[in-house]
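Single-structure report; data block below.
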Amino acid sequence: MKTLQLENTPKTPLVKLDSTTGKLIFQGRSIPEDAIGFYEGIMDWIVEYAKSPATKTVVEMRFEYFNTASSKCILDVLKKLESFQSDVFIEWYFEEDDEDMQEAGEDYHAIINLPFKIIETEEL
Amino acid sequence: MEWTASEIDDFANVLFFEGEINEQLIDDLLNQVELYFSEEAISKKTQKRIYHFSVELLQNLLHHATESVVFGVHEEQNMFLLKIRNTIPAVQQLQLEEYLDALNELTEDQLKMLYKERLEKGSFSDKGTAGLGMIELRRKSQNKIGYTFYEFNGKVVFEMSVSVNKQ
């Protein structure tokens, strides 16, 4: 399956979804006015990937910031990953002292039933 | 509405915008907000909160406002106020007022629970919004949302302000 790679823009994150390595990376800002439209392609890829996922999928979420519309889309992505039969690990990164992103990670951790690490980092 | 320089300064002494909102203008305003506050002697946390609130307020206006809007940022001694002003259909006033009053009465824990519940169980509106914006503003502000309604030229004008404490 082809890797999905979206370069980051001022309003949307870098997205790199690699079916061979099982590494799914989200990095940057997610503030599109049309969040549903932006995440639709990502969800389509994940639905397709779900048919034959890597033995181990590691999701790195390195958001600097996201709007509330994106927060719902991000949850939808996590819920889809939660339904996989294979192993999925979530790594939620937040910048040093960014309590809001830390709390966002904790909110998702409380909802999603997957191995979930919340990691403070100097740079996203 | 005609604004005098003094009225603008009283409303928003940092950044003031009045007009019809669109995506390009939102980008410009957010750039201005980001640039201005990156040069202020305030914590990165406060900068991010101000930016966060600006995104939510401006995008809310984009989705819901049908006429000219006002967006402003005002600095006070211990806080920044982010304000919006727009006309709303008269039939929406009561529901909006009740919703804001209810949010303003919730504790921090109740807001957190409400946010998680709406995040998990809520659905997107036909405008593509998640219904989380006001809850998020109230929750992260740690202060009550200020608002007022008044009549102008036969229409209902809604004005709202959300504060970010200086840290």
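The values are calculated or read from the model by the stated rules, or taken from the named source; none is laboratory data. What you are looking at is a predicted structure, and each value in this text was computed from that prediction instead of being measured. When we count neighbours, we look across all protein chains shown, and the Cβ atoms used for this are built from the backbone with ideal geometry, even at glycine. For accessibility, only protein heavy atoms count, side chains too; no ligands or nucleic acids. Shrake-Rupley method; radii C 1.70, N 1.55, O 1.52, S 1.80 Å.
Taking every residue in B:155-164 and counting other chain Cβ atoms within 10 Å of its Cβ, the average works out to 0. Around the amide H of A:Val88, modelled in the peptide plane, lie the amide H atoms of A:Thr57, all under 5 Å away and 5 or more residues distant in sequence or on another chain. Backbone N atoms of region A:1-36 closer than 12 Å to the 7 Å Cα→Cβ label point of A:Glu91 belong to residues A:23-26.
Give me the accessible area buried between chains B and A, both sides summed, with a 1.4 Å probe, in Å² rounded to the nearest 100.
Values: alone 9890 and 6930 Å², together 14310 Å².
Buried surface at the B/A interface: approximately 2500 Å².
Peptide A:28-40 shows a mean partner chain C-beta count of 3 within 10 Å per residue C-beta.
Using just the helices of chain B, give the 222 nm mean residue ellipticity in deg cm²/dmol: DSSP H runs with n ≥ 4 each add -39,500 (n - 2.57), and the total is spread over all residues, rounded to 500.
Details: 6 runs with 80 residues, N = 167.
Mean residue ellipticity, 222 nm, calculated: -15500 deg cm²/dmol.
Based on Cα atoms of the protein assembly as shown, Rg over Rh with Rh as the Kirkwood radius reads 0.99.
Evaluated with a Cβ-only charge set (Lys, Arg +1; Asp, Glu -1), region B:5-165 carries a dipole of roughly 680 debye about its Cα centre, given to the nearest 20.
Counting only DSSP beta bridges with both residues in chain A, tell me the antiparallel percent, nearest 5. Numbers along the way, then the final one.
On the way: 8 of 28 bridges.
Taking every DSSP beta bridge with both residues in chain A, the antiparallel ones total about 30 percent.
Going through the cross-link list A:Lys23/B:Lys48; B:Lys112/B:Lys166; A:Lys11/A:Lys72; A:Lys80/B:Lys121; B:Lys45/B:Lys116, which pairs have a Cα-Cα distance over 18 Å in this structure? Don't skip to the end; give the middle numbers.
Values: A:Lys23/B:Lys48 29 Å; B:Lys112/B:Lys166 22 Å; A:Lys11/A:Lys72 16 Å; A:Lys80/B:Lys121 15 Å; B:Lys45/B:Lys116 22 Å.
Where the Cα-Cα span goes over 18 Å, the pairs concerned are A:Lys23/B:Lys48; B:Lys112/B:Lys166; B:Lys45/B:Lys116.
Kyte-Doolittle cut-off -1.0, length cut-off 27 Å along the helix's own axis using Cα: show which whole DSSP H helices in chain B pass. Membrane-span-like by this rule: B:44-64. The alpha carbons of region B:5-165 stretch over 40, 39, 28 Å along the principal axes, in descending order. Membrane-span-like helices in chain A, defined here as complete DSSP H runs extending at least 15 Å along the helix axis by their C-alpha atoms with mean Kyte-Doolittle hydropathy no lower than 0.0, are A:35-49, A:68-82; this is a sequence and geometry rule, not a statement about a membrane. Charged side chains reduced to their Cβ positions (Lys and Arg at +1, Asp and Glu at -1) give chain A a dipole of some 860 debye around its Cα centre. Here's the list of aspartates and glutamates a cross-link from B:Lys127 could span, going by alpha-carbon distance under 12 Å and ignoring same-chain residues fewer than 8 apart: A:Glu33, A:Asp34. Packing-based ranking of A:94-102, A:46-54 yields A:94-102, A:46-54, ordered from highest to lowest mean Cβ neighbour count within 10 Å.
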